[in-house]
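Notes to accompany the following structure.
The values are calculated or read from the model by the stated rules, or taken from the named source; none is laboratory data. Bear in mind that the values here come from a model prediction, so they are computed numbers and not experimental data. A quick note on method: Cβ atoms are made from the backbone with ideal geometry, for glycine too, and the neighbour counts reach across all protein chains shown. Accessible surface is based on the protein model in full, side chains and every heavy atom, while ligands, DNA and RNA are left aside. Shrake-Rupley method; radii C 1.70, N 1.55, O 1.52, S 1.80 Å.
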Amino acid sequence: MAFPEPKPRGPELPRKLLKTLDCGQGAVRAVRFNVDGNYCLTCGSDKTLKLWNPLRGTLLRTYSGHGYEVLDAAGSFDNSNLCSGGGDKAVVLWDVASGLVVRKFRGHAGKVNTVQFNEEATLILSGSIDSSIGCWGCHSWRPEPVQTLNEARDGISSVKVSDHEVLAGSVDGRVRRYDLRKGQLFSDYVGSPITCTCFSRDGQCTLVPSLDSTLRLLDKDTGELPGEYTGHQNKQYKLDCCLSERDTHVVSCSEDGKVFFWNLVEGSLALALPMGVGVVQSLAFHPTEPCLLTAMGGRIQCWREEAYEAEGGAG
């Protein structure tokens, strides 16, 4: 007799706390994985940027050069450079190895909420409260941006970049997608201030959370709404969201001290992971593994799946 094939195991969610790191840089405004997920960056209210090995809990380098709190950071594809933006209105390009400032771009009229490299790390894209997106040449000595995207009517909260697209969320309630190959702009109106944006890993959809405590999954080509996700609290703050490493779950910070996971397809709540009392400000999901970083107050926490064992045993 033939036995039925065993059902494939569902993806494991990172619910086991592996490490808690007190970052020593005031409030942590953002936590970001580097491109391969081996390291992470923390952005501090004390004007510093720090590079960590989060699984080991070791601090590798501190970057000082901003004049006010650091609000976002990103690493280049080859891990040789970092970029950051903050309350001093500056966009900074760093050399990872030396810790030195390579360039400091000043052109925004307000704080810089979000920064990203393009794929080749030849440009830094920055979104500001001044309603503009600046495109800065990493190898250019021109002080002004190579290009400015100023279609938004209110502050830019989030910018994400793929190989040929720029995705931007704005407080004006619109998510805008710039197709650089076709030279086209696509815009979807959500109606409530947008706090974050991200592409799905397959590139077919965009995830858009807003201050009505709702995350919306938008089909990139049709503008249709395949999914809506609710249950978390997001009424006041700019909070992060993302998709899990295999696009199976939607993940979001919340103002009630939890991180929420929803099943992407069904829209059902899979897990509400308690972090403590307060606002979970930022999170980052590992590019290939069920590993989550969360930031709350002055510390970050590293979460793995239940079956995970750290090298040399749990720890």
#### Entry: Rg(Cα)/(2.2 N^0.38 Å) for the chain, N = residue count
0.97
### Task
May I ask you to rank LEU55, LEU207 by accessible area, largest first, using a 1.4 Å probe over the protein chains only?
LEU55, LEU207
#### Entry: Charge-dipole axis of the chain as Lys and Arg at +1 and Asp and Glu at -1 on Cβ define it, positive-most pick from GLY26, PRO226, CYS291
GLY26
### Task
Sort the stretch 115-184 into rounded, prolate or oblate with this rule: let a ≥ b ≥ c be the square roots of the eigenvalues of the Cα gyration tensor; rounded if a/c is under 1.5, and if a/c is not under 1.5, prolate when a/b is larger than b/c, oblate otherwise.
oblate
## Note on the structure
From most to least accessible, 1.4 Å probe, no ligand or DNA/RNA atoms counted, ARG181, ARG32, ARG106 line up as ARG181, ARG106, ARG32
### Query
Under the Karplus relation 6.51 cos²θ - 1.76 cosθ + 1.60, θ = phi - 60°, what is the ordered set of whole-Hz ³J(HN,Hα) values for the stretch 273-288, x standing for Gly and Pro?
8, x, 10, x, 9, x, 8, 7, 7, 8, 8, 8, 10, 4, x, 10
### Task
Taking only Cα atoms and a 10 Å spring cutoff, compute GNM fluctuations for the chain and point out the largest among GLY231, GLY110, GLY203.
GLY203
### Query
How large is Rg over Rh for the stretch 258-308, taking Rg from the Cα atoms and Rh as the Kirkwood inverse mean of 1/r across Cα pairs?
0.97
### Message
Just to confirm my numbers, what's the Cα centroid distance between the stretch 28-107 and the stretch 210-263 in Å?
### Response
25 Å
### Summary
Taking only Cα atoms of the stretch 188-298, the Rg to Rh ratio with Kirkwood Rh works out at 0.94
### Message
Under the rule of at least 5 residues apart or a separate chain, name every residue whose amide H is placed under 5 Å from the amide H of LYS220.
### Response
CYS205, THR206
### Task
Go through the stretch 178-184 residue by residue and turn each phi into a ³J(HN,Hα) via Karplus (6.51, -1.76, 1.60, θ = phi - 60°); whole Hz please, and just put x for glycine and proline.
9, 8, 6, 6, 8, x, 10
### Query
Any idea which of VAL208, ALA97, VAL250 is furthest toward the positive side of the dipole for the chain, if Lys and Arg beta-carbons carry +1 and Asp and Glu beta-carbons -1?
ALA97
### Query
What part of the accessible area of the chain, given as a whole %, is carbon or sulfur when the probe is 1.4 angstrom?
50 percent
### Summary
For the stretch 54-111, inverting the pair-averaged 1/r of distinct alpha-carbon atoms gives a Kirkwood value in Å of 12.1 Å
### Query
Could you give the accessible area per residue of the chain, probe 1.4 Å, as a whole number in Å²?
44 Å²
### Query
Under a GNM of the chain (C-alpha, springs under 10 Å), which listed residue has the highest mean-square fluctuation: LEU180, LEU215, LEU21?
LEU180
### Message
At 10 °C and a viscosity of 1.306 mPa s, what translational diffusion coefficient does Stokes-Einstein give for the stretch 5-144, taking Rh as the Kirkwood radius over Cα pairs? Give it in µm²/s as a whole number.
### Response
101 µm²/s
### Query
On full extension of the chain, what length is gained from ASP46 through GLN147, given 0.36 nm per residue of separation minus the C-alpha to C-alpha distance?
33.3 nm
